[in-house]
Amino acid sequence: MRAARILQYHKPLVLEDIAVPDIEPNEVLVKVAACGMCRSDVLLVDGFFQNYGDIPPPVIPGHEITGTIEKIGGVVSKSAGLEEGDHVVVAPGWGDGVCRHCQVGNTHICANVRWPGFGSYGGFAEYIPVPARYVIKVAEHLKFEELAPLTDAGLTPYRGIKKIRDAGGLGPDRVIGVFGIGGLGAYAVQYAKLLGAGATVVAFARNPDKLAIAKSYGADHIIDIKGRSTGDIGEELKKATGQDKLDAIIDCAGAREMMQLGFAITPTSPR
Ligand SMILES: [Zn+2]
């Protein structure tokens, strides 16, 4: 199969012909149809993750993977409902399935987590072996290239919504703030609208073009925060929603000033 691999960090990927990988009995072989390119892929090539642990080359990057099932391992349960030819997306963050994090669905923080695209096999190749429990069947009319980023950029704010749900932050009397409208924030707005159980969704950003995107994706209100005081922003929030504090925030920016604003306009104890 063709694969674009890291042979040396800080050097361009090398396109090579390598053997199609074997699968374990609990895995499926996915024929890659489309794979997103994430900033993490660029960071990986640039050796950034070597600061956190050695990932010895050759490495095939790519963790936003979609494709079709080519082959199914011998012990994959029939009840998984998987067939050769099925269209699938690959959920990344392969936990061991047995620890307390895995048990509640937080496989990405499992101590034994494995990530496709950060080792021998990834999405920048024609085939990848995947544990059967980490493929998700998708409808055939959906476009692979549109599905691919849902497995990472989409999954991150989705996890945020689940956390807010678990903390009692969803519902028609709740106001959810989405901070930063980029690749993640644009998804966060949509998830908050679709899964927020009627919560009001307010987008906060410094760029009017990005706020317009948030509006088009369903944000109930948008607030431009550039150069404004916390009090000023709280007043606009109150005018828009009837309350000057947010019940929950999905911060997709992570910038210091966003975090400071977040703490300032979130109640210190849940209502
Ligand atoms: Zn685990």
Discussion item. Among (1) within 16 Å of the ligand (Cβ to nearest atom); (2) touching a Gly at 6+ places or on another chain (Cβ under 7 Å), there is one condition Pro172 misses while meeting the rest; what is its number?
Written reply: (1)
Worksheet item: Would you pick out the residues in the range 191-210 that are open to solvent by 10 Å² or more (accessible area, probe 1.4 Å) and touching a strand residue (DSSP E or B) at 6+ places or on another chain (Cβ under 9 Å)?
Response: Tyr191, Lys193, Thr200, Arg206, Asn207, Pro208, Lys210
Worksheet item: Can you tell me which residue in the range 92-121 is farthest from the ligand (Cβ to nearest atom), limited to those that are within 25 Å of Asp41 (Cβ to Cβ), open to solvent by 80 Å² or more (accessible area, probe 1.4 Å) and not in a loop (DSSP other than H, G, I, E, B)?
Response: Arg114
Item to complete: Evaluate the following for Glu126: is it over 28 Å from Pro12 (Cα atoms) and at pLDDT 95 or above?
Response: no
Worksheet entry | Residue among Val175, Val138 that alone is in the same structural domain as Gly81 (by TED's automatic domain parsing), open to solvent by less than 40 Å² (accessible area, probe 1.4 Å), in contact with a Leu (Cβ under 7 Å, 6 or more places away or on another chain) and among the aliphatic types (A, V, I, L, M) | Val138
Item to complete: Confirm whether Ile69 is open to solvent by less than 80 Å² (accessible area, probe 1.4 Å) and assigned to a loop (DSSP other than H, G, I, E, B).
Response: no
Worksheet item: Residues of the range 67-91 being within 17 Å of the chain's Cα centre (by Cα) and either within 16 Å of the ligand (Cβ to nearest atom) or over 27 Å from Gly47 (Cβ atoms) (or both), which ones?
Response: Val88, Val89, Ala91
Discussion item. If I filter the range 12-32 for residues that are within 16 Å of the ligand (Cβ to nearest atom) and touching a helix residue (DSSP H, G or I) at 6+ places or on another chain (Cβ under 9 Å), do I get at least one hit?
Written reply: yes
Worksheet item: What residue, among those in the range 237-267 that are closer than 18 Å to Gly171 by Cα and at pLDDT below 90, is surrounded by the fewest Cβ atoms within 10 Å (Cβ to Cβ)?
Response: Pro267
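The values are calculated or read from the model by the stated rules, or taken from the named source; none is laboratory data. Computed from a predicted structure; not experimentally measured. Virtual Cβ from ideal backbone geometry, glycine too; neighbours counted across all protein chains shown. SASA here: full protein model, heavy atoms, side chains in, ligands and nucleic acids out. Shrake-Rupley method; radii C 1.70, N 1.55, O 1.52, S 1.80 Å.
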